[in-house]
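Undergrad: Sending over a structure as structure tokens; questions will come in a sec.
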Amino acid sequence: MDARHARITFDPSGRAVETRPGTPLLEAAALAGFAVNTPCGGAGSCGKCRALLDPAPDPLPVELKTLSLEELEAGWRLLCRHNASADLRIHLPASSLFGGGHQIVTGHDAAREGTADPVVRQAAVRMPPPSLEDGLPDLPRLDAALRAAGALDRAAPPLAAGPEALNRLTAGLRAGDYAGTAVFRDSRLLAFHGRTADAPSCGVAVDVGTTTLAAALVDLRDGSDRGVAAAMNPQTVWGDDMLSRIARAGRGREELGEMRRAVCAVIAEMIRELCLDAGVSTDHVHALAAAGNTTMESLFCGVDPSPLGCVPFTPAFGNGPRLRARDLGLPAHPDAELRLFPVIGGFVGGDTVAGILAAGLDALPGVSLLIDIGTNGELVLANNGALHAASTAAGPAFEGARISCGMRAAHGAIEKVVLGENPVFSVIGGGPPRGLCGSGLLDLCGQLLAAGLLAPDGRLAGPEELPPGVPDAVAARVARAPEGGPLFLLGGAPEHPFGLTQRDVRELQLAAGAIRAGILILLRQAGLALDDVDRVLLAGGFGQYIRRENALRVGLLPAEVPGRRVHYAGNTSLAGAKRALLSRADDARVDALARAVRHVDLSTDPDFATEFAMAMYFPG
Ligand code: FES
């Protein structure tokens, strides 16, 4: 280590990062592309971020409570409580990483996937070899052959190629007797394979979510899926919500660069794994498309999102910059281009455009509402092709954050609640519950409303306020928290129980109320009412797991829209990115689509505050 840097090596992968002394080890892990479990938010109480440190620093008082003496002696420590001070090896067990038990929605509507005209095409050609009379260079020779075969339009610019593609062309032509397959994007040659009529060619679609990342490998020849991967966004270490990340990125170029590298490292790893599993060389990844909200897209490509942190919330770009995958550190063909989806305005970003594209909202007859519930709630109203979009600061309650026993939808999270005679809690992965994720929170509040234990104004009943007819097994869970407020018990040791508190209910009211108020304002600005809505499409990681009746009870979904009109749309951000890879026509219209959407800034609507206040009441 020099005086300014500590080298932190993570086993078993051996990945290493150089950090400044004083950098929190959680941050160092994020920089190396690892998303560590932090359900207690770094308070040192959950023990889920444990790792084996070599050399191990002296144990801290909080660790004496959370880890056993044997563990401490062996060198186990809590990553959330230590900073880098010198070179260090850290063994990071799989149990300390967000991983297999995590529910991340990667599904999407395959039926709409087009395969006819991908952005990267290929054509088998044969051409006359050069001679003393015909000394045409290789590249224009191929250009002429492609035009003669109708693979390149007459009006297309001359074929261009980088050194790598030229080397392949030169070798491929000679090895294949001037016959083979050209792989190209517009007029840019990417590869040439001599003596074959078929060349491998893949694309990668990426959903850059605030909390989760998803990537899909697609075969550009036939549009087939070659694999899907998901991971946590390692930037969560710098905050669950967008504003914390904007604030950190705004501190300076170094912080911005760290955040970009962290997310790109995880996406790079996902691409490598997808290619390995599919038996495809990363060199054959010829095109990429990525969609995320405005902040995530900015951080992904290293653009300072600071202007989004203050009024009037102006993004740096509208149409997404075209980037070279390799410049972002992503493993792909040297000339592979990454399309970043365009931003509509403010916080309404490329993921919304991708959602519109995936759902075909601009072409749907009647009135459609697309609701993407994530850390922010993105809303799109389509009225016979006229598009209006807004973003609501729903807050991270649906991601399990700011809830006393909240956690992400990972192993041990209560994801579903049925309060009958005997309450039933479905826990992800089975076993005793460790906390409550977004769908569990929604379910629980819906069920408590139905049981009369939660009032429409959000007041949670205490033990002395039980309405008549509450089953004994349910009543036994109504308790008081140590500070005196009501608590609905969910689990934990007798001396450390956890459950739903009054503050948790308030967080849900804020989140559901923001989305509901946003829907009402969007409709009103378009001169429509709730019963005009022909269909509601629920998108995003959370939408798939919620139960409609409880979403209706807490007012997240409008009761005026019958259940049969509510559909789950899956991960529309990923699906839209795939469409842009598989259809040249869709790729070409993405920017125009974003410009055609009217951005509704809810904060400037004079009715928003009133609607929001009213939407805080549960319809019951
Ligand atoms: S102990 Fe909970 S995050 Fe470290």
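The values are calculated or read from the model by the stated rules, or taken from the named source; none is laboratory data. All values reported here derive from a predicted model rather than from experimental measurement. Cβ: placed from backbone, ideal geometry, glycine included. Neighbour counts: every protein chain shown.
Undergrad: Please find, within the stretch 587-612, the residue that is nearest to L340 (Cα to Cα) out of those that are touching a strand residue (DSSP E or B) at 6+ places or on another chain (Cβ under 7 Å) and of a type outside the set (V, I, T).
TA: Taking the candidates together, the pick is D587.
Undergrad: Something else now. Mind listing whichever residues of the stretch 372-425 are crowded, with 23+ Cβ neighbours inside 10 Å, closer than 30 Å to A493 by Cα and modelled with pLDDT of 90 or more?
TA: Listed by number, the residues that qualify are I414, V417.
Undergrad: Right, another one. Would you be able to tell me the number of residues in the stretch 224-244 that are in a helix (DSSP H, G or I), touching a Ser or Thr at 6+ places or on another chain (Cβ under 7 Å) and over 13 Å from E27 (Cα atoms)?
TA: 1
Undergrad: Still on this structure: Which helices (runs of 4 or more DSSP H) sit wholly inside the stretch 10-91 and have at least 1 residues that are within 30 Å of L299 (Cα to Cα) and more than 10 Å from the ligand (Cβ to nearest atom)?
TA: Passing ranges, in order: 25-31.
Undergrad: So which residues in the stretch 270-300 are buried (at least 20 other Cβ atoms within 10 Å of the Cβ), assigned to a helix (DSSP H, G or I) and touching a Gly at 6+ places or on another chain (Cβ under 8 Å), if there are any at all?
TA: L274, T294, T295, M296, E297, F300
Undergrad: Across the stretch 353-371, what is the number of residues that are aliphatic (A, V, I, L, M), under 16 Å from R579 (Cβ atoms) and crowded, with 21+ Cβ neighbours inside 10 Å?
TA: Final tally of qualifying residues: 8.
Undergrad: Out of all the residues in the stretch 595-609, is one or more charged (D, E, K, R), within 25 Å of A291 (Cβ to Cβ) and in contact with a Pro (Cβ under 6 Å, 6 or more places away or on another chain)?
TA: The answer is no, given that none of the residues of the stretch 595-609 is charged (D, E, K, R), within 25 Å of A291 (Cβ to Cβ) and in contact with a Pro (Cβ under 6 Å, 6 or more places away or on another chain).
Undergrad: Continuing with this model, one more query. Could you list, ordered by first residue, the pairs with Cβ atoms under 9 Å in which the first is in the stretch 455-472 and on the phi > 0 side of the Ramachandran plot and crowded, with 17+ Cβ neighbours inside 10 Å and the second is among the hydrophobic types (A, V, I, L, M, F, W, C) and in a loop (DSSP other than H, G, I, E, B), at least 6 apart or interchain?
TA: From the stretch 455-472, the pairs are G458/M616; G458/F618.
Undergrad: Sticking with this structure for a sec: Filter the helices (runs of 4 or more DSSP H) completely within the stretch 500-581 down to those with at least 3 residues that are surrounded by fewer than 22 Cβ atoms within 10 Å (Cβ to Cβ) and at pLDDT 85 or above.
TA: Counting at least 3 such residues, we get 502-525.
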